[in-house]
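The values are calculated or read from the model by the stated rules, or taken from the named source; none is laboratory data. This structure is a prediction, so every number in the text was calculated from the model and none was measured. With ideal geometry, Cβ positions are generated from the backbone for all residues, glycine too; neighbour counts draw on all protein chains shown.
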Amino acid sequence: MATFALIHGGGSTAWDWHLVVPPLERAGPHVVAVDLPIEDAGNGLDDYVRVVTAAIGDRQDVIVVGHSLGGFTAPLVCDAVRAVGLVYLAGMIPLPDESFVDWWSATGHDLESIDQDPAVSFFEGVPESLVKEANARERDQRGEWMSRVWPGDRHPTVATRAILATDDRFFPAPFMRRQIRDRLGIEPVEIAGGHYVQLTAPDAVASVLLDFAADIAAGRDA
């Protein structure tokens, strides 16, 4: 049985996944979602990986899912637990010798026109009640690691998918298509929704994840 390890984005918490977890668990897989230790600037990506791997424990057939900034942690977890799959959900896709700080210009995101209102750029389409709860749970994203190069020496050699949110106002769809094709050499799976698509279309997100797990189990996605 597959295990999904769900990694939240910057300044956030495992709560981001609370609507995706039930449909995943109803289908049978184990689900692990943790709060990364993001508020201590001294914690690095290796600390994030340790927290996730400790939560995974000895579970097998792990599929790691990283949302947004979680894309910097997810591939490192894949190597640490010998995962069978990796999913970027509206995710940042890092390259060796590239830092978080450099990612914005390296990908061309700095040329995009992004609305400065978080209610638009991050929470497009999210019900007001969920936006309020998300804001109440917001944490200070800190980390000296963000100015250092990403420590991975390659992209993990595991089955990989990337989910693109078509209404994302922070990582616009045309930008994300380019990033996914250029950095992964694959076509994205597209879901209607904004940057926090797991809050607006949790069943659709769960469906893509479950289909991916089924393909891996059947040997259709090597």
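Give the number of residues within segment 1-24 that are modelled with pLDDT under 95 and either in contact with a helix residue (DSSP H, G or I) (Cβ under 7 Å, 6 or more places away or on another chain) or among the hydroxyl-bearing types (Ser, Thr, Tyr) (or both).
1
Among the residues of segment 157-166, is any among the hydrophobic types (A, V, I, L, M, F, W, C), within 20 Å of residue 98 (Cβ to Cβ) and in contact with a His (Cβ under 6 Å, 6 or more places away or on another chain)?
No.
Could you say whether any residue in segment 188-196 is touching a strand residue (DSSP E or B) at 6+ places or on another chain (Cβ under 7 Å), more than 30 Å from residue 116 (Cβ to Cβ) and aliphatic (A, V, I, L, M)?
Scanning segment 188-196 turns up no residue that is touching a strand residue (DSSP E or B) at 6+ places or on another chain (Cβ under 7 Å), more than 30 Å from residue 116 (Cβ to Cβ) and aliphatic (A, V, I, L, M).
Quick grid of which residues meet (1) among the acidic types (Asp, Glu); (2) surrounded by fewer than 17 Cβ atoms within 10 Å (Cβ to Cβ):
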residue	(1), (2)
39	yes, yes
71	no, no
81	no, no
116	no, yes
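Name the residues in segment 23-55 that are over 18 Å from the mean Cα position of the chain (by Cα), among the acidic types (Asp, Glu) and assigned to a loop (DSSP other than H, G, I, E, B), would you?
Matches in segment 23-55: 39, 40.
Please specify each residue of segment 81-116 satisfying the condition of being in a strand (DSSP E or B), among the hydroxyl-bearing types (Ser, Thr, Tyr) and closer than 15 Å to residue 164 by Cβ.
Selection gives 88 alone.
Give the residues of segment 56-80 that are in contact (Cβ under 8 Å) with a residue 60 or more places away in the chain, not aliphatic (A, V, I, L, M) and not in a helix (DSSP H, G or I), sorted by residue number.
The answer is 61, 67, 73.
Looking at 149, 205, 189, which one is in contact with a helix residue (DSSP H, G or I) (Cβ under 6 Å, 6 or more places away or on another chain) and in contact (Cβ under 8 Å) with a residue 40 or more places away in the chain?
So the residue among 149, 205, 189 that is in contact with a helix residue (DSSP H, G or I) (Cβ under 6 Å, 6 or more places away or on another chain) and in contact (Cβ under 8 Å) with a residue 40 or more places away in the chain is 205.
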